[in-house]
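Written below as structure tokens is the structure these notes are about.
The values are calculated or read from the model by the stated rules, or taken from the named source; none is laboratory data. Everything quoted here is computed from the prediction, not taken from an experiment. Here the Cβ positions follow ideal geometry from the backbone for every residue, glycine too, while neighbour counts run over all protein chains shown. When the accessible area is computed, the model is the full protein with side chains, heavy atoms only, and any ligands, DNA or RNA have been set aside. Shrake-Rupley method; radii C 1.70, N 1.55, O 1.52, S 1.80 Å.
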Amino acid sequence: MFAKRSAIQNKFQLAVRTVNAQRYKIRAAIGPELANFLQESANEVCAAPKGEFMTIARHWTPSSQDLMQLRDVALGLLPADLVVKNSRLFCMHTGEIRDVNIALKRGFIAAVAPAEHHFSAEKVVDGQNKYLLPTFIDTHIHIEYSLVSPGEFARCVVPHGTGCVLADPNCVGNVLGGKGMAWAGETNTPLKILQQVSHRIPRAPALELGGAEVTAAEQFDMLEKTNAVSVGESVPFGFDERAADFQSLALGLGKRITGHSARVSHQALWAYAATGVSDDHNAFEVDEILDRLRLGQMITVMSGSMNDNVAPTFADIEVIENSFSQFSFCADDKHVGDLDREGHIDHHIRKAILEGIPILEAYRMATLYAARFYRFDHVLGSISPSKRADFVLINDLEKVEIASVWLDGRPVYDADISSSVAFHNSDPIPDWLYGTFNLSESLSKETFRVEASAAEGEVAVVAAMEMYDGYFKRAFEAELPVVDGNVLCDPLNDVAKISVIDRHHGSDTSATGFVRGFGLERGALAASTNCENQNLVVIGACEEDMLIAARALQKCGGGYVCVDDGEVSALLPLPLAGIMSDQPWEQVVKGVDRVNLAARAMGSKIPAPFMILAFVGLAGVPDYGLTEKGLIDSLTQSFIPVVQCCRCPTHVHEQSLTL
């Protein structure tokens, strides 16, 4: 009877929440008084106990039968599946290092006992006095920006000790909607993925044509699932009733709201936190970190392909030493080659220790603090009874020298046996992930023109962007030559043209602006991974090469390309939604290296030029953004003209009269 009543209640609650998702539309039609009454009624229903499917990580918790067997193993009434003996447990709860034996059953930890205690077991593994710790947790990442599928991502990061990632699939969501997000949130490999449900797709419909659309009802449904850990990152610029509905539901479900503060301060930050946002991966200077800690926010220390915030975050440890529990680690956006060579969360731990963070606290940030803050420490984050048997054996704590990785009680990586994992990527790749790149047939060199009504030999003043600290952009004005009514770039002063072009609908929608910081002396670079809507972005010192780059990506279904003097010098196809490769990660690393080297040959000296290229247009990061519809002031979330004025005699005369 209870099960039937619970099922009916869940269906009714889902129906109410679906209607609730449309409340911001209904309110205008029926008036505020009736709307408020209906909302209060809906809130009462939604506040009732929810079905267990809404509990974070319910699918990883032990069943009643599991618990019975775990108890019997601990009591010595039932043999363990596996015992790991002679290991040195680094206890996350007490900070002790203890000689222990651990007993595993059905993928869970049944018991943690002193080394002298004997458990009967079907198999015994000697820990060889290595340090025993829980696997590491990435608290915010976009797997798509690794450039590989979730299964290949797992093959790359598991040897680095990663056992769980909190992933926001807004990249593939912008291309393929909800079904793309669902695909990116699952893998048949042992890696555990919890989804940060993307905040809105497209993020700003008035400012972009975008690709796919995810409805409010779809978002609500995703957020209520057990694999949903939080709302995905939002920005401080713009907050409406739909966002409030979504974030209110998250808080009611006990799920966090992921932040991307764009390093705002004072009232802008206070207002952002007032919407329920509980963490931030942008802050890295001491003052801005303290501002967020004082608001109760978690600092998810970012180290990706564009920047590494570990050292500046921990530059003044005395100031934050009472707040270590409010720190965790994330990669956010990191190419697979950087994950392989530099590391994943293991890199954060190493560098944090190097910067003076106590060893215990560095590991807690990577495990217990992360799981506890995001409310799944009942399954992960420590070596404790009834939790998943996900752990690493480590030779050297300071170097984070990983000897082996175990997930669900099974060995998945052993450094003494192989440099690769002991599992294969068997994830299916649906046909609908291909063929998502649709450019207008009328695309031509004219697409990259910036019109200015200036005579020959005169210059135009343009609003431009200068890249710094990874994907942050500083507004500046540049005086650029005008030829035949077209504003040209200025490679000698590192001012390149940049265009964002619709590649989803095959329309003629595109916009061109100017950017400094890439160092391109000639040629063009293009990528189909423009953040957020994954449109085509092209940067160049030559409009002919920009056109060739765009057409080259059209032929291969998306990716990265370098064009030098009319020829494709390097190409990395990314045919899955135009943003990921369908090849093994080892091959993708070679491809990324090729395009980066080709970009360097054309003058670009910045690290990860294609990753940074993907974020030039991001309108959620100050000062400017560029979508396929135009140049955007990030603070006002409104369009501004690229050409501010020209330095023709008429304008100069008019300006002198106003002085």
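Note: relative contact order over the stretch 527-613, using C-alpha pairs below 8 Å and six or more positions apart, is 24 percent.
Only beta bridges with both residues in the stretch 115-262 are counted; by DSSP, about 5 percent of them are antiparallel. Summing charges over neighbours of S507, with a neighbour being any other residue whose Cβ is under 15 Å away from its Cβ, gives -3 when K and R count +1 and D and E count -1. Here is how the number arises for the chain: DSSP H runs of 4 or more residues each give -39500 (n - 2.57), the sum is divided by the residue count, and the result at 222 nm is -9000 deg cm²/dmol.
Normalised per residue, the accessible area of the chain is 38 Å², obtained with a 1.4 Å probe and no contribution from ligands, DNA or RNA. In sequence order, what are the phi-derived ³J(HN,Hα) couplings for the stretch 341-354 according to the Karplus relation 6.51 cos²θ - 1.76 cosθ + 1.60 with θ = phi - 60°, rounded to whole Hz, with x for glycine and proline? Karplus-based 3J(HN,Hα) across the stretch 341-354 equals 7, 8, x, 10, 5, 4, 5, 4, 4, 4, 6, 4, 4, 4 Hz. Within the chain, what's the longest stretch lacking trypsin sites (Lys or Arg not before Pro) that sit in DSSP loops with no more than 13 other Cβ atoms inside 10 Å? The longest uninterrupted stretch comes out as 400-604. From a point 7 Å beyond the Cα of K123 in the direction of its Cβ, which residues of the stretch 410-428 have a backbone N at a distance under 19 Å? From the stretch 410-428, the list is 410-425. Comparing Cα centroids, the stretch 73-94 and the stretch 510-542 end up 54 angstrom apart. Name the aspartates and glutamates eligible as straight-distance cross-link partners of K629: C-alpha to C-alpha under 14 Å, and not fewer than 8 places from it in the same chain. Counting by Cα, and skipping residues close in sequence, K629 has these aspartates and glutamates nearby: E208, D502, D508, E532. Rounded to 0.05, the FRET efficiency of the K225 and S426 pair, given R0 = 30 Å and the Cβ-Cβ distance, is 0.85. Read through the labelled values [x] 27.3, 89; [y] 26.7, 85; [z] 26.3, 95 and report the label of the one computed as Rg and Dmax of the Cα atoms in Å from the structure. Matching entry in [x] 27.3, 89; [y] 26.7, 85; [z] 26.3, 95: [z]. Projected label points at Q267 and R341, each 7 Å from Cα along the beta carbon direction, are separated by 4.7 nanometres. Taking the centroid of alpha carbons for each part, the stretch 145-163 and the stretch 432-448 are 31 Å apart. In whole angstrom, how far apart do the alpha carbon centroids of the stretch 357-389 and the stretch 191-262 sit? Here the answer is 25 Å between Cα centres. Other residues lying with their Cβ under 10 Å from the Cβ of L618 contribute a combined charge of +1, Lys and Arg counting +1, Asp and Glu -1. Taking 32 Å as the cut-off for C-alpha to C-alpha distance, list the pairs among K179/K605; K85/K351; K192/K497 that go past it. Those over the limit are K179/K605; K192/K497.
DSSP beta bridges confined to the chain are antiparallel in about 75 percent of cases.
Dividing the mean sequence gap of close Cα pairs (under 8 Å, 6+ apart) by how many residues the chain holds gives a relative contact order of 14 percent.
How large a share of the accessible area of the stretch 112-222, in percent, is made up of carbon and sulfur atoms when the probe is 1.4 Å and the other protein chains stay in place? Carbon-and-sulfur percentage of accessible area, whole number: 48.
For K105, the aspartates and glutamates whose Cα falls under 16 Å of its own Cα, not counting residues fewer than eight places away in the same chain, are D66, D72, D81, E122, D390, D408. Assuming 1.002 mPa s and 20 °C, estimate D for the stretch 104-197 with Stokes-Einstein, Rh taken as the Kirkwood radius over Cα pairs, in µm²/s. My calculation gives 137 µm²/s for D. Tally Lys/Arg at +1 and Asp/Glu at -1 over every other residue whose Cβ is under 11 Å from the Cβ of H378; what's the total? Residues close to H378 contribute a combined charge of +4. Relative contact order of the stretch 67-109, taken over Cα pairs closer than 8 Å and 6 or more residues apart, is 39 percent.
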